[in-house]
Amino acid sequence: MTPSTRTLAALFASAVAACPLAALPVQAQDSAAGPKLEEVASFDHQVTGVTVSPDGRVFVNFPRWTEDAPISVGEVKDGVVTAYPDEAWNSWRNARKNEISAEDHFVSVQSVVADGKGSLWVLDPAAPASAFVVPKGPKLMKIDLATNKVAETYPVDTSVAPQGSYLNDVRFSPDGGHAYITDSGPIGALIVIDLKTKQARRLLSGHPTVQAEKDVVVKHRGAEIRRPDGRGVEFAADGIALSKDGETLFWQALTGKTLYAISTSLLEDPATSDEALAAAIKTRGENGVSDGLWLDGRDRMYISALEEDAIKRREGETVSTVLSDERLRWPDTFAEGPDGSIYVTASRIMDMNWYRPESPAALPTKLFKFKPE
């Protein structure tokens, strides 16, 4: 090294030492150097939700959007999915809807969440094809993972889940007292269930923050996703996340880019009016078009960047790309395993015969995982 080179190197080292790391700009991560996507399981049907229990049990669900799928909730073992908790709960069929009761069978489950306290929760909007709500079908169910038996059912009646509603995803307060749900139907809303009294309330129904953003057209790799009749992808409040202290709930519309937040204490108080709730909503910036959200143990928010076959992460005000992989066709729902791995389903919504009539009704999908750095 020449003397002039040594001088330059010394000056550069001094400058770096004087600059705090937090002040350096965060760059989008090159997927070649970042986490690697690992396939966990493949399915013959369209999967949406995934969750992992503290002891590593993996559960998924199939929402009956384009077919009369044989399983609504399943457990994945060694890459193979079986009906959970049993065949009976999964025996409802579109073709037999007048024969099988909707209140004590899975109709079209959209989300499964293990609460880390010994229970698996199942959210059933009971709206096959994301259309007509089956009477008495919308519900939240609690399954005891020790016995594999349904322990409790929380019905959601028509005053909270009217025709056109679609219960999408759910999070639970740390004390186990409340469930927070997004409704991604044409008139979006937040729903709160008091798990002690079983009282469910529909909040902010139709408010702009829970509605699809009218200027957003959902695309995939730059091409607009539209049905043959010209309709685009139009879903209201969808992705949902809860801070680890349980004090702040986050959400955004799928057909939207904006992330919103509110204090859970306001949501839980039946005396809080919708006007007061609306006034308390905070805008937390833009995530871009996204389906699923997940907050890890460090309150870093993972974002399903479905337009780019990618996963992004929000840390404070900075959003960066964690990984990009062409196999991630519509990353949908996240879950975190006991070893810190992040699981994600690829639901291939842009490939459905809603948008591509040549696609089969039974759409093969996959479950992946990756280990964050």
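Each value in this text was obtained by applying a stated rule to the coordinates, not by laboratory testing. Just so we're clear, the structure is a prediction, and the values are computed from it rather than from any experiment. FYI the Cβ positions are ideal-geometry reconstructions off the backbone, even for glycines, and counts take in every protein chain you see.
Cut-off 10 angstrom, C-alpha nodes, Gaussian network model of the chain. Which of Gln163, Gln252, Gln110 fluctuates the most?
Per the Cα network of the chain with a 10 Å cutoff, Gln163 tops the list.
Setting aside same-chain residues fewer than 8 positions from Lys366, which lysines have a Cα under 20 Å from its Cα?
In chain and number order, the partners are Lys36, Lys77, Lys312.
Given (i) 0.96; (ii) 0.93; (iii) 1.01 as candidate values of Rg/Rh (Cα atoms, Kirkwood Rh), which corresponds to the one derived from the coordinates?
Looking at Rg/Rh (Cα atoms, Kirkwood Rh) for this model, the match is (iii).
Tell me which of Val217, Leu190, Ser205 sits at the most positive position along the dipole axis of region 190-275, charges placed on C-beta atoms (Lys, Arg +1; Asp, Glu -1).
So the residue we want is Val217.
For n ≥ 4 DSSP H runs only, could you compute -39500 (n - 2.57) per run for the chain, divide by its residues and tell me the 222 nm figure to the nearest 500? Before the final figure, lay out the partial values.
On the way: 3 runs with 28 residues, N = 373.
Taking each H run of at least 4 residues, the total per residue is -2000 deg cm²/dmol.
For Asp299 and Ala362, what does the FRET efficiency come to when R0 = 45 Å and r is the distance between their Cβ atoms, rounded to the nearest 0.05?
Details: r = 38 Å, r/R0 = 0.85.
In this case the efficiency is close to 0.75.
Among Arg227, Arg313, what is the fewest-to-most ranking by other Cβ atoms within 10 Å? Could the numbers behind the result be given before it?
Values: Arg227 14, Arg313 21.
With the fewest neighbours first, Arg227, Arg313 line up as Arg227, Arg313.
Run the numbers on the chain and let me know its relative contact order in percent, using alpha-carbon pairs under 8 Å that are six or more apart. Mind dumping the intermediate values first?
Details: 929 pairs, mean separation 60.3, N = 373.
Across the chain, relative contact order equals 16 percent.
Testing the spin-label approximation: label points 7 Å from Cα along Cα→Cβ at Asp269 and Asp215. State their distance in nm.
Distance between label points: 3.4 nm.
Counting other beta carbons within 10 Å of each residue's own, what order do Glu39, Glu268, Glu275 fall into, fewest first?
Values: Glu39 12, Glu268 15, Glu275 8.
With the sparsest Cβ surroundings first, the list reads Glu275, Glu39, Glu268.
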